[in-house]
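The values are calculated or read from the model by the stated rules, or taken from the named source; none is laboratory data. Note that the structure is a prediction, hence the values are computed from the model and not measured. Ideal geometry is used to build each Cβ from the backbone, glycine not excepted, and the neighbour counts take in all protein chains shown. Only protein heavy atoms, including side chains, enter the accessible area calculation; ligands, DNA and RNA are left aside. Shrake-Rupley method; radii C 1.70, N 1.55, O 1.52, S 1.80 Å.
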Amino acid sequence: MSFSSDIKNQISEAEPKKSCCKESIERGIRLEDFEGKCDKDLGMYLRGVFLKYGGITAPGRNFMLSFLLPDEASATKLTEILEAADLPPKRSTRRNKPLLYYKATESIEDLLSYIGATKAALDIFSKKVLSDVRNNMNRLCNAETANQDRIARAAAEQREAIKIIEKYGALQNLPFELRECAQLRLENPEMSLTEMRNLLTSPVSKSGLNHRFKKLIEIAESYKEL
């Protein structure tokens, strides 16, 4: 059973008690002029329209709720009714017929709730929340991966510079703070600057430590030119 069929079965089984609401559903199915007598009639009218002309994409894709209508006059009439319910739709065509639709999940949830398909609205909301959580986790994972790659590239560049200085026998001639940084990097090839700060003899900021490594790279560059 499709998602649309499931929703239509849910709201079909939830038959309203008032005769005016039942009549509104029938008028919606026939796309007749709306004539409301109680505050629920408009929602029931739109329920009837949805039962006959509505549809919604299955969960797992980008949600879209739509009404495929028989002619322009019907589309104009329904647009005015939806706007009166504070649910203005977007408009397009499909198979040469006018199509009114919603893609924003908030609008879809509001419309489904309005016609009495509360369970479906909550289902869409929960799936959207789950999708957002997964997307955020993926973004965080990608950002963390990119950050780790940057750390690894920087550390590799630092190690290469230190080995060049070491090759020319100049490592022991460096000032203590540069020599200490060089030794720590050789002993901890993948350690981040934040972690390395905690191993220094004297406290230094992350930018200060980064500056020391830049100085080591500059020294190594000077030996490359020899």
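Before we move on, is ILE151 open to solvent by less than 60 Å² (accessible area, probe 1.4 Å), in contact (Cβ under 8 Å) with a residue 40 or more places away in the chain, more than 14 Å from LEU65 (Cα to Cα) and in a helix (DSSP H, G or I)?
Spelling it out, ILE151 is indeed open to solvent by less than 60 Å² (accessible area, probe 1.4 Å), in contact (Cβ under 8 Å) with a residue 40 or more places away in the chain, more than 14 Å from LEU65 (Cα to Cα) and in a helix (DSSP H, G or I).
If I filter the range 190-198 for residues that are exposed (fewer than 10 other Cβ atoms within 10 Å of the Cβ), at pLDDT below 90 and farther than 30 Å from ASN62 by Cα, do I get at least one hit?
Scanning the range 190-198 turns up at least one residue that is exposed (fewer than 10 other Cβ atoms within 10 Å of the Cβ), at pLDDT below 90 and farther than 30 Å from ASN62 by Cα.
Return the only residue of LEU78, LEU130 being of a type in the set (A, V, I, L, M, F, W, C) and in contact with a helix residue (DSSP H, G or I) (Cβ under 8 Å, 6 or more places away or on another chain).
After ruling out the rest, the residue left standing is LEU78.
State whether one or more residues within the range 11-26 are crowded, with 16+ Cβ neighbours inside 10 Å, basic (Lys, Arg) and not in a strand (DSSP E or B). Before the answer, list the steps.
As a first pass, look at the range 11-26 and keep what is crowded, with 16+ Cβ neighbours inside 10 Å: 11, 16, 21, 23-25.
Subset that is basic (Lys, Arg): none.
No - not one qualifying residue is present in the range 11-26.
Evaluate the range 157-178: report whether one residue or more is over 35 Å from the mean Cα position of the chain (by Cα), at negative phi, loosely packed, with under 13 Cβ neighbours inside 10 Å and in a loop (DSSP other than H, G, I, E, B).
Yes, the conditions are met somewhere in the range 157-178.
Which of (1) part of a helix (DSSP H, G or I); (2) at positive phi is the odd one out, the single condition VAL49 does not satisfy?
The failed condition is (2).
Which of the residues belonging to the range 86-132 are in a loop (DSSP other than H, G, I, E, B) and open to solvent by less than 20 Å² (accessible area, probe 1.4 Å)?
LEU87, ILE115, ALA117
Kindly list, by first and then second residue, each pair from a residue in the range 63-75 that is in a helix (DSSP H, G or I) to a residue that is open to solvent by 60 Å² or more (accessible area, probe 1.4 Å), limited to pairs with Cβ atoms under 9 Å and residues at least 6 apart or on different chains.
Pairs that qualify, where the first residue is in a helix (DSSP H, G or I) and the partner is open to solvent by 60 Å² or more (accessible area, probe 1.4 Å), are ALA75/ARG91; ALA75/LYS97.
Each row is one residue, and each column tells you yes or no for (1) among the aromatic types (Phe, Trp, Tyr); (2) modelled with pLDDT of 90 or more; (3) farther than 19 Å from SER113 by Cβ.
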{"site": "MET1", "(1), (2), (3)": "no, no, yes"}
{"site": "ILE7", "(1), (2), (3)": "no, no, no"}
{"site": "ALA14", "(1), (2), (3)": "no, no, no"}
{"site": "ILE25", "(1), (2), (3)": "no, yes, no"}
{"site": "LEU78", "(1), (2), (3)": "no, yes, no"}
{"site": "GLU83", "(1), (2), (3)": "no, yes, no"}
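Is there any pair linking a residue in the range 38-62 that is farther than 13 Å from SER24 by Cβ and open to solvent by less than 20 Å² (accessible area, probe 1.4 Å) to one that is modelled with pLDDT of 90 or more and not in a helix (DSSP H, G or I), with Cβ under 6 Å and at least six apart or on different chains, and which?
Listed by first residue and then by second, the contacts come to GLY54/PHE67; GLY55/SER66; ILE56/LEU65.
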